[in-house]
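Okay, so here's the structure we're looking at.
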Amino acid sequence: MRDENGRSKVPEVTLVFWLIKIAATTLGETGGDAVSMTLNWGYALSSAMFIGIFAIAVAAQIAARSFHPFLYWAVIIATTTAGTTMADLADRSLGIGYPGGSLILFVLLMATLGIWYWRAGSISVDTVASPKIEMFYWTAILFSQTLGTALGDWMADSNGLGYERGALVFAAGLIVIAAAYWYTNVSRTLLFWSAFILTRPLGATVGDFLDKPVANGGLAFGRFYASAILAALIIGCIVFLPQRAGKHPASAQET
């Protein structure tokens, strides 16, 4: 829903947006693992808790009448922590495996985007201006965060690249997307969702790199310590690098 100045309740997509997004997805990995593994809640119970937090946060976001940075990023963090534990539940506890889990989540994400396009005529963030579209937006984000977790774990664990090289692979993918943004006419909507998906496995591999033991290729910061550092970084970015709501024209229909 737009405010009286025609601005959306989602922020402008700028460099600051992507910096906070990567930090938030990394926090989702360390925070989700802290609850499910360090506290030994398990993936099912942790997923239920984080999905509940996400439901409360997204309801507050949809009910809000203007853009609130802390509320918006709280919902993003809720999607990424829920995505972490849900992906681990599917991949590990249910025995689907990383390839199977990634495929299922990809299908769910594409189905969400497809229904969104069918109902609204666009999947651009420029059209997120009503509660109905916000629901599509946040559902797509939840599935993209969960898919990104599965892809990150698949790349780092199953393919044997490790956390550092896995992070480099996804960072390279983001560089390609950035180059396409600056030097080609590829759909900005396609590039946005591609980047949104890839920042999640980048965060997953960076998060694992921060908290895993040195013997396993990590820095052994510990999940709670790493989560605290990332939370402080996000808060600092929101406070000192202010964002504004996007000026989203009603005619924006780019696909």
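Table for the structure above
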{"read-out": "Single condition Tyr43 does not satisfy, out of (1) open to solvent by less than 10 Å² (accessible area, probe 1.4 Å); (2) in contact with a Lys or Arg (Cβ under 8 Å, 6 or more places away or on another chain); (3) at pLDDT 90 or above", "value": "(1)"}
{"read-out": "Selection within the range 64-90 - free of Cβ contacts under 8 Å to residues at least 40 places away in the same chain and either in contact with a Gly (Cβ under 8 Å, 6 or more places away or on another chain) or open to solvent by less than 10 Å² (accessible area, probe 1.4 Å) (or both)", "value": "Ala78"}
{"read-out": "Output for the range 136-153, where each listed residue is open to solvent by less than 10 Å² (accessible area, probe 1.4 Å) and under 15 Å from Asp88 (Cβ atoms)", "value": "Gln145, Thr146, Leu147, Gly148, Thr149, Ala150, Gly152, Asp153"}
{"read-out": "Lone qualifier among Ser93, Ser102 - being within 22 Å of Gly28 (Cβ to Cβ) and open to solvent by 60 Å² or more (accessible area, probe 1.4 Å)", "value": "Ser93"}
{"read-out": "Hits in the range 135-188 (condition: among the charged types (D, E, K, R) and at pLDDT 80 or above)", "value": "Arg188"}
{"read-out": "Search result, residues across the range 16-39 that are β-branched (Val, Ile, Thr) and open to solvent by 10 Å² or more (accessible area, probe 1.4 Å)", "value": "Val16, Ile22, Val35, Thr38"}
{"read-out": "Index of the failed condition, Gly121 passing every other in (1) more than 13 Å from the chain's Cα centre (by Cα); (2) under 29 Å from Ala60 (Cβ atoms); (3) buried (at least 16 other Cβ atoms within 10 Å of the Cβ); (4) at pLDDT 85 or above", "value": "(3)"}
{"read-out": "Identity of the residue in the range 232-255, at pLDDT 80 or above and not aliphatic (A, V, I, L, M), that ends up surrounded by the fewest Cβ atoms within 10 Å (Cβ to Cβ)", "value": "Phe240"}
{"read-out": "Pair list, Cβ under 6 Å, 6 or more apart: the range 44-63 residue free of Cβ contacts under 8 Å to residues at least 60 places away in the same chain, other residue hydroxyl-bearing (Ser, Thr, Tyr)", "value": "Ser46/Ser36; Ser46/Thr85; Ser47/Thr85; Phe50/Thr81; Phe50/Thr85"}
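The values are calculated or read from the model by the stated rules, or taken from the named source; none is laboratory data. Owing to the predicted nature of the structure, the values given are computational and were not obtained by experimental measurement. Cβ sites come from the backbone with ideal geometry, for glycine too, and all protein chains shown count toward neighbours. The area values use the complete protein model at the heavy-atom level, side chains included, leaving out ligands, DNA and RNA. Shrake-Rupley method; radii C 1.70, N 1.55, O 1.52, S 1.80 Å.
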